[in-house]
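In what follows, a single structure is set out as structure tokens and then discussed.
The values are calculated or read from the model by the stated rules, or taken from the named source; none is laboratory data. Values in this document were obtained by computation on a predicted structure and should not be read as measured data. All Cβ positions, even for glycine, are placed from backbone atoms using ideal geometry, and neighbour counts span all protein chains on display. All accessible areas refer to the heavy atoms of the entire protein, side chains included, with ligands and DNA or RNA removed. Shrake-Rupley method; radii C 1.70, N 1.55, O 1.52, S 1.80 Å.
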Amino acid sequence: MDHFDWDDAFIVRSEAEHQLHYCHGSSKESENPSRGRYHQDFTILEKRELCANTYYFKVNAPLLAKKIQAGQFIIIRPNLDSERIPLSIAGWDREKGYLELVIMAAGRTSTEATMKNVGDSIQDVVGPLGQRSHVAKYEGACVVLGGGYGTGAVIPTARDLRQLGNKVYGIVGARTKDLLILVDELKAVCDEVFVTTNDGSVGIQGFVTHALEKIMEREKVSMVLAVGPVPMMMAVAKVTEGKGIEAWVSLNAIMVDGTGMCGACRVTVGGKTRFACYHGPDFNAYQVDFGELVKRQQMFVAQEKIAFEAMQR
Amino acid sequence: MAEATKGLSSKERIKKPRNLMPLHPAELRILSWTEVPIGYSREQAMDEAIRCIQCKKPECVPACPVGIDIPAFIKLVEAGDIAGAAGKIRETNFLPAACGRVCPQDKQCEAVCIVGKKNDPVGIGNLERYVADYEREHKLDRTPVIPPPTGKRVAIIGAGPAGLTCAYELRTRGHEITVFEAFHRGGGVMVYGIPRFRLPLEVIDEDLKLLEDMGVEFVYNMVIGKILTIEDLLEKEGFDAVFIGTGAGLPKMLGIPGENLNGVYSANEYLTRIYLMNANEFPRASTPLYQGKKMAVIGAGNTAMDVLRTGKRLGADVTCYYRRSHEEAPARTEELEHAEQEFIDFKWLSSPVEFIGDERYFVKAIKCEVMRLSEPDESGRRKPLPTGEYFIDEVDTVVFSLGCEVNPVIPSMTPGLRVNKWGVVMVDHTTYHTSKKGVFAGGDVVTGGSTVILAMGQAKQAAGYVHEYLMGQFNYELNISTDPNAPGVQWEGRFAKGKR
């Protein structure tokens, strides 16, 4: 019987804890806690279309906003009958108490979420879940790579890395110019940002790895973090492997509860079964069994189609 | 009626045959989610109550984890005072409708019933269920008297059997209670893990509503350890004590090849998708379930029975694979019987060694080794031994139900909270105080996985000590093991002679 070895998770966490002392704000708690103070309504404060089918949301969640750390994720249930879906976080404001989300309408539940407008609220928002991203002061540069709607997820980590005094490069990739998102937001937290498009409509033509290789030629890279589609994360792992670079990927496995209870998000990392929701979502890119991850993400493809059609009716 | 039966001797009472619980026929019930037992009629209940011989020193009471005064409530049933019986049960158990349905009475109260030595034991569980249902159907006022506020606040983590019991007990002592729950609704394992055909939702919701009416505050979507830590609760949020009742939510794995194939679920995932997220109503509810036509369930505990019977209702051919034999199956006798009635196949002495997948990474077959049982060892247990013989069955869904370990979220986020190497939260065995001041724990989080009623029993005992702690009367030499190999709180053996 495999007993989960939490030790590595602890180490990541406690190291991060020490280094992120600046995250502990000086916000004073009120002296007299009153009844119902934990009630949260997850109202949408702002909505913006980033590109076709992909939206930026600002959601009221004061308790969550106070605690969330870079790399952690949330689970939302947009309506009563919706599925619980995991979402990464593009940012937050601890004082104003909101979260920034990037949601791409892909399946039924994410489409339901993107159909909500300012003033509507999300039924349930749970988090922060998972372990925070591993950050440290590195010798060489750090590179964060975002593909598609995964771009949002690298912004908080990039900010943390930079605050620790690292030189941080950002790379955003998309198929074409119109699908590029969050470039300005990433620019705000990176020393330099590269844009790549497959069709060359803007920036470097090719994949994010082309930009990464350019940086690697130019100077020493110590750490990379890639968040996006699995082929992109695999490519990043391939390009950096064996070059003394620490490579992290954030895995978007299928989840139900998000606290380690159900095991739906099992991934094989370094030959061991891990739960993306609890041990992750960030893992060592060289150890992840991406082939299995891709296949497991296909588990409900047939059902998702049925669900989507049912919604449209 | 009571008058008429007053003169009956114990001998005559013992001789009466047990009133069997009427059940919906198996052919029909596998087509619906309706509860399987229909319940006693008033006549049956009163007749069954006659069978209790009102022992001077009843063994059933100490065998009940919450110590229900069983002879007293049965006497009231015999007299036809069902409301009185309900009040009697409520003195010690506030979830009688759930307990009457899901308690392993055959291993607790009914196992030690004196009548059971000569005849079948008194149907204590069935009677409890009848009384609780009567109370609910007649909308009897169940709200207890709440004493004036003590000014103390307790945070309870987890709205499952342990947390709810602790909330009830402490609220009735006048404390202000906030229950934090990670899911979007309360009930814990009673909702996500126990099928509707065993425990209807309205039973749980009534009990939750009772707590709300008593002034217990429920906060959902709160993963304590993440959004607020236990230290936050005690130091910043102004709580005077914390009770951890988060249960055992981390599925045990088989550790065999093919375990991560698509179509292979943990029992937790399978049941949660269906009972918490309503995947059986897909696509109205959008949580999907990949449900094959031929389903294998690994394990033979109560949860395995729940999965088997759920799969049957979803139209699959289901087979149970267990490495020991029928005799050793850990499930309640009644669950096993009900499963057998529902046309479920059992392959005893079959130990899965591999799941075989197809080119799409979906499971298509299960490979098992045939086992044989050894001679009983010192403990009397017969161990399964490999025979070297294998067989392969074609299946398209596998659910493994091997029990759970303690969920690590809270232990990992609470410095100073001592756990053993299995992650079980270590507590003082008398007071349920953990190694962290003002923090108590009970239920599966300290046993590593048990039953609803045991969790309730622990929570109830713990609540007594939480109360003492809050009132400044807590003065114990705590004995909390520092040995990482020490087991959690062992409950088996705490009950009278416990014949299984």
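Values computed for the structure shown
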read-out: Looking only at the stretch B:280-300, and only at residues there that are at the interface with chain A (Cβ under 9 Å from one of its Cβ atoms) and open to solvent by 10 Å² or more (accessible area, probe 1.4 Å), the one that is nearest to A:GLU309 (Cα to Cα); value: B:PRO283
read-out: Selection within the stretch B:377-389 - outside any strand (DSSP E or B) and surrounded by 15 or more Cβ atoms within 10 Å (Cβ to Cβ); value: B:ARG382, B:LYS383
read-out: Which listed residue, of A:GLU241, A:GLU219, is open to solvent by 10 Å² or more (accessible area, probe 1.4 Å), more than 28 Å from B:ASN260 (Cα to Cα) and over 14 Å from the mean Cα position of the chain (by Cα); value: A:GLU219
read-out: Any pair with Cβ under 8 angstrom, 6 or more apart, that starts in the stretch B:251-277 at a residue that is at the interface with another protein chain (Cβ under 7 Å from one of its Cβ atoms) and ends at one that is part of a helix (DSSP H, G or I) and of a type outside the set (Ser, Thr, Tyr); value: B:PRO251/B:ALA267; B:PRO251/B:ASN268; B:PRO251/B:GLU269; B:ASN260/A:GLU292; B:ASN260/A:ARG296; B:ASN262/A:LYS295; B:ASN262/A:ARG296; B:ARG273/B:ALA279
read-out: Flag for B:LEU233 being out of contact with any helix residue (DSSP H, G or I) (no Cβ under 9 Å at 6 or more places or on another chain), open to solvent by less than 10 Å² (accessible area, probe 1.4 Å) and within 11 Å of chain A (Cβ to nearest Cβ); value: yes
read-out: Residue list for the stretch B:402-436, restricted to those being at the interface with another protein chain (Cβ under 8 Å from one of its Cβ atoms) and of a type in the set (D, E, K, R); value: B:GLU405, B:LYS421
read-out: Count of the stretch A:255-282 residues which are out of contact with any Ser or Thr (no Cβ under 8 Å at 6 or more places or on another chain), more than 9 Å from every other protein chain (Cβ to nearest Cβ) and open to solvent by less than 60 Å² (accessible area, probe 1.4 Å); value: 6
read-out: Residues satisfying the stated conditions in the stretch A:85-101, i.e. within 30 Å of A:GLU246 (Cβ to Cβ) and more than 11 Å from every other protein chain (Cβ to nearest Cβ); value: A:PRO86, A:LEU87, A:SER88, A:ILE89, A:ALA90, A:GLY91, A:TRP92, A:ASP93, A:ARG94, A:LEU99, A:GLU100, A:LEU101
read-out: Residues that are in a strand (DSSP E or B) and open to solvent by 10 Å² or more (accessible area, probe 1.4 Å), drawn from the stretch A:222-238; value: A:SER222, A:VAL227
read-out: Sole residue being hydrophobic (A, V, I, L, M, F, W, C) and more than 13 Å from every other protein chain (Cβ to nearest Cβ), chosen from A:LEU80, A:LEU50; value: A:LEU50
read-out: Subset of the stretch A:132-172 [of a type in the set (D, E, K, R) and more than 22 Å from A:LEU99 (Cβ to Cβ)]; value: A:LYS137, A:GLU139, A:LYS167
read-out: Selection count, the stretch A:239-258, where residues are in contact with a strand residue (DSSP E or B) (Cβ under 7 Å, 6 or more places away or on another chain) and outside any helix (DSSP H, G or I); value: 11
read-out: Every residue from the stretch A:102-128 that is out of contact with any helix residue (DSSP H, G or I) (no Cβ under 9 Å at 6 or more places or on another chain) and either within 13 Å of chain B (Cβ to nearest Cβ) or open to solvent by 20 Å² or more (accessible area, probe 1.4 Å) (or both); value: A:SER110, A:ALA113, A:MET115, A:LYS116, A:ASN117, A:VAL118, A:GLY119, A:ASP120, A:SER121, A:GLN123, A:ASP124
read-out: Per-region count, the stretch A:291-313, residues over 17 Å from the mean Cα position of the chain (by Cα), polar (S, T, N, Q) and facing chain B (nearest Cβ under 10 Å); value: 2
read-out: Condition check for A:VAL288: within 13 Å of chain B (Cβ to nearest Cβ), in contact with a helix residue (DSSP H, G or I) (Cβ under 9 Å, 6 or more places away or on another chain) and closer than 24 Å to A:ALA70 by Cα; value: yes
read-out: Inter-residue pairs, beta-carbon under 8 Å, first of a type in the set (Asp, Glu) and in the stretch B:113-125, second not in a helix (DSSP H, G or I), 6+ apart; value: B:ASP120/B:PRO17; B:ASP120/B:ARG18
read-out: Selection from the stretch A:146-160 of residues that are within 11 Å of the chain's Cα centre (by Cα) and either aliphatic (A, V, I, L, M) or in the same structural domain as A:PRO78 (by TED's automatic domain parsing) (or both); value: A:ALA153, A:VAL154, A:ILE155
read-out: Those strands (runs of 3 or more DSSP E) lying entirely in the stretch A:98-160 with at least 1 residues in contact with a Phe, Trp or Tyr (Cβ under 9 Å, 6 or more places away or on another chain), modelled with pLDDT under 95 and farther than 22 Å from B:PHE183 by Cβ; value: A:98-104, A:141-147
read-out: Cross-chain or 6+ apart pairs with Cβ under 6 Å, the stretch A:237-266 first and aromatic (Phe, Trp, Tyr), then open to solvent by 10 Å² or more (accessible area, probe 1.4 Å); value: A:TRP248/A:ASP282
read-out: Residue tally, condition crowded, with 20+ Cβ neighbours inside 10 Å, assigned to a helix (DSSP H, G or I) and away from every other protein chain (no Cβ under 13 Å), over the stretch B:167-207; value: 9
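So that you can scan it fast, the table gives a plain yes or no per residue for (1) open to solvent by 20 Å² or more (accessible area, probe 1.4 Å); (2) closer than 22 Å to B:GLU137 by Cβ:
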position	(1), (2)
B:SER41	yes, yes
B:GLN44	yes, yes
B:GLN54	yes, no
B:GLU78	no, yes
B:ILE82	no, yes
B:ALA97	no, yes
B:GLY100	no, yes
B:LYS107	yes, no
B:CYS113	no, no
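Here is a yes/no grid of residues against (1) more than 22 Å from the chain's Cα centre (by Cα); (2) touching a residue at least 40 places away in the same chain (Cβ under 8 Å):
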{"site": "B:GLU334", "(1), (2)": "no, yes"}
{"site": "B:ALA339", "(1), (2)": "no, no"}
{"site": "B:ILE344", "(1), (2)": "yes, no"}
{"site": "B:ASP358", "(1), (2)": "yes, no"}
{"site": "B:LYS364", "(1), (2)": "yes, no"}
{"site": "B:LYS367", "(1), (2)": "yes, no"}
{"site": "B:LEU385", "(1), (2)": "yes, no"}
